[in-house]
Amino acid sequence: MLEESLVVSSALSAFNNAALVAPAFLWNAVLCIPLFAVVFWFGRFAAPKLGITPYITLPRATFWTIMLTALWCIFMGGNYAALRDEASFLPWIMATILFVSTMFVAGATRAIKLPMFIGATAMSTKQKQLVYFLLSLIILLPVAASYMQNLFAGAIQIGAIFIGFLMGRFVCKNVRSVLWMLLIMLGVTIAVLMQPEFFRFGQLGNLSPMHLIWVLATGLALATAFALNTIHPCGRVHNSAYIKIKWLLRLVVVLAGVLFLLTESVPMFIATVLLFFVMAALSIWHTEKIAMQIPDWAVAASIILFGILIGIQTITCIGILLIASTNNSSKHVPWFLL
């Protein structure tokens, strides 16, 4: 019989080998497959019977995806002391992501009135200022605690959230939520690739082929969704020119993607995503009509890939609900109340 220590050592070695082949974020997604199946069944079959299908809309999914992404950026517990470079752009990138996210969330919840004091029919100016101060304090304290290892980075994040809240609450109106969400997800993907050790992505910052392939797939899905939601089909590109340019772009995209997989270069990743966006834009310009659901499905697919990438399966479930929903065209429901 084998000794217990030998059995445990062998099991740990086998698990480590499996973890190297299938990274942690992918293992999490595999273990959550039963949950994904239940969510899809609920959105496809149970939601229409319960009468909640009109609540499953793209604006509502966009709002909660941005909200959860911002919370993940705050509470993921990154350590700026673990960065491989002393001088890094990561604090500025994180501050930009939090600024845009907070501005959108504050603007989207503009219709929600601030709470009244008991027995008061209206709030005075000093009372409103006090409520704003308390709300800001409640929001900023966790931000300060999550970045306390680096005072400079924490100050930047706190300032970004505070200014973003003021901008969204009092200045910005009619923001295109889907486009902002796609840009936020792309920014987070680039940040994860740029400093994987900060986000605990990979093993000590070392990325396996599966890490790189999933990051690239997420970037390409985001580029496709962005093209479908910004460019309108017009059928103006001549067929012969379209075929030649399309094959040339395919070759360039494949070469750029291979170079990215070989070098793990952030500029190469950005170039690949931009080239794929141009290729998708060319295809949209060439066609005369696109089904109405295709842009929504592209957004849902990008949400699913992004949720698996950062390990937040709630975001993945949001994308699955969008795909499973049979009717997401209702506009009369106040979508921030879900």
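Scanning segment 202-234 for residues that are surrounded by fewer than 22 Cβ atoms within 10 Å (Cβ to Cβ) and within 21 Å of Ile312 (Cβ to Cβ) gives Gly202, Gln203, Gly205, Leu207, Ser208, Met210, Leu212, Ile213, Trp214, Leu216, Ala217, Leu220. Can you tell me which of Leu261, Leu251, Leu255 is aliphatic (A, V, I, L, M), surrounded by 14 or more Cβ atoms within 10 Å (Cβ to Cβ) and in a helix (DSSP H, G or I)? So the residue among Leu261, Leu251, Leu255 that is aliphatic (A, V, I, L, M), surrounded by 14 or more Cβ atoms within 10 Å (Cβ to Cβ) and in a helix (DSSP H, G or I) is Leu261. Filter segment 271-328 for residues that are of a type in the set (Ser, Thr, Tyr) and assigned to a loop (DSSP other than H, G, I, E, B); which is modelled with the lowest pLDDT? Selected residue: Thr326.
Scanning segment 1-59 for residues that are among the charged types (D, E, K, R) and either modelled with pLDDT under 85 or loosely packed, with under 11 Cβ neighbours inside 10 Å (or both) returns Glu3, Glu4, Lys49. With the condition kept exactly as written, say whether any residue in segment 250-258 is free of Cβ contacts under 8 Å to residues at least 12 places away in the same chain and closer than 20 Å to Gly202 by Cα. Taking every residue of segment 250-258 in turn, at least one turns out to be free of Cβ contacts under 8 Å to residues at least 12 places away in the same chain and closer than 20 Å to Gly202 by Cα. Scan segment 180-201 for residues that are surrounded by fewer than 20 Cβ atoms within 10 Å (Cβ to Cβ) and either over 19 Å from Cys73 (Cα atoms) or among the small types (Gly, Ala, Ser) (or both) and the total you get is 1.
Annotation note: of Thr102, Thr96, the sole residue that is more than 22 Å from Ile320 (Cα to Cα), buried (at least 21 other Cβ atoms within 10 Å of the Cβ) and modelled with pLDDT of 80 or more is Thr102.
The values are calculated or read from the model by the stated rules, or taken from the named source; none is laboratory data. Note that the structure is a prediction, hence the values are computed from the model and not measured. Positions of Cβ are generated from backbone atoms using ideal geometry, with glycine treated the same way; all protein chains shown enter the neighbour counts.
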